[in-house]
């Protein structure tokens, strides 16, 4: 905690001492949120804020030993593993080393969440195949891959049928990193099975990081909700909760088309950037949260434009959040076929073949290329 107060400040949600230095630690809140909390008298740590406003359960103080203990517990269990990922942030959803810890006899069912915000024109089968291929590259061989929306209750019946089909006298472990909607999915499953809404509440989450929630199944086995594992290379850990609502897709994405010449740039607020480096005059289509402002400018002026306008014209982040915002890193690609340039956690831009493009994202957040989904 920065030494700006004589007495300790505590989160009114959980009682943790507020601190602004360790994003993984108890009581963490960004400087911008601390200032606002002091002004309003409602001072919440980031974990409680996200829990209250987004129903996101964020674990804290996860040490390497804790992490290994959790993974070993999964390996020693006789279970079906339901692995929940964010379809907008697959790499950020990866649990490092999970394939080594699920055990040879524990099947993995891969579940891509947030299907409801995909454009209707996107071919779901294409995306399902891509998710499975990405999982294979990470060393996982899922027995099946499903797309669901925990928030909208889409495909929950199908998920339950797949769980029953594959669990074969096993427990069911639901695993995932933070911010993929895992707890919302658990609540959707419980509601579907029992009619009880929002059974998992804040009171069910004691302060210990590795406590898990066990929900009994009819045959004596249990559904186990494991704590979300923090993965720092996520857009969710770069932005404040307020900004996340602006950049993370919330409703069905409406495509936005730009006619570009080469050497033009599009800024995605101030959080990312797309450069059309080389190619013919062409229409490119952007798929991002509808409220995320997109600004076009010349590539030659882009660096200076960003320095001058990030925090005001280019937001988020806002000017008072700039000090904590990481620099943007450039990723260049030569596009051989019609492709999507994916900004993990944000969305994607569909670009034509025979072009050179670059994507800029906060340090640690992935930018990658896949075959066009639309």
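Structure summary
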{"item": "Top-ranked residue of segment 200-233 - restricted to ones that are part of a strand (DSSP E or B) and modelled with pLDDT of 70 or more, ranked as farthest from residue 363 (Cα to Cα)", "result": "216"}
{"item": "Complete set of residues in segment 45-77 that are at pLDDT 80 or above, in a loop (DSSP other than H, G, I, E, B) and not assigned by TED's automatic domain parsing to the domain that holds residue 177", "result": "45"}
{"item": "Residue match in segment 250-260 (condition: modelled with pLDDT of 90 or more, within 24 Å of residue 368 (Cα to Cα), over 21 Å from the mean Cα position of the chain (by Cα) and not in a strand (DSSP E or B))", "result": "no"}
{"item": "Any hit, segment 156-173, residues being in contact (Cβ under 8 Å) with a residue 60 or more places away in the chain and in a loop (DSSP other than H, G, I, E, B)", "result": "yes"}
{"item": "Residue 100 vs. criteria in a helix (DSSP H, G or I) and assigned by TED's automatic domain parsing to the domain that holds residue 186", "result": "yes"}
{"item": "Filter pass, residue 323 being over 19 Å from residue 240 (Cα atoms) and out of contact with any strand residue (DSSP E or B) (no Cβ under 8 Å at 6 or more places or on another chain)", "result": "no"}
{"item": "Checking residue 180 against (1) surrounded by fewer than 20 Cβ atoms within 10 Å (Cβ to Cβ); (2) part of a loop (DSSP other than H, G, I, E, B); (3) modelled with pLDDT of 80 or more, the condition it does not meet", "result": "(1)"}
{"item": "Residue 190 free of Cβ contacts under 8 Å to residues at least 60 places away in the same chain, touching a strand residue (DSSP E or B) at 6+ places or on another chain (Cβ under 6 Å) and within 15 Å of residue 215 (Cα to Cα)", "result": "no"}
{"item": "Unique residue being at pLDDT 95 or above and under 23 Å from the mean Cα position of the chain (by Cα) when the list is 356, 297, 318, 350", "result": "350"}
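A quick yes/no check of all residues on (1) surrounded by 21 or more Cβ atoms within 10 Å (Cβ to Cβ); (2) out of contact with any helix residue (DSSP H, G or I) (no Cβ under 8 Å at 6 or more places or on another chain); (3) part of a strand (DSSP E or B):
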{"position": "84", "(1), (2), (3)": "yes, no, yes"}
{"position": "96", "(1), (2), (3)": "no, yes, no"}
{"position": "104", "(1), (2), (3)": "no, yes, no"}
{"position": "112", "(1), (2), (3)": "yes, no, yes"}
{"position": "126", "(1), (2), (3)": "no, yes, no"}
{"position": "135", "(1), (2), (3)": "yes, yes, no"}
{"position": "140", "(1), (2), (3)": "no, no, no"}
{"position": "151", "(1), (2), (3)": "no, no, no"}
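The values are calculated or read from the model by the stated rules, or taken from the named source; none is laboratory data. Note that the structure is a prediction, hence the values are computed from the model and not measured. A quick note on method: Cβ atoms are made from the backbone with ideal geometry, for glycine too, and the neighbour counts reach across all protein chains shown.
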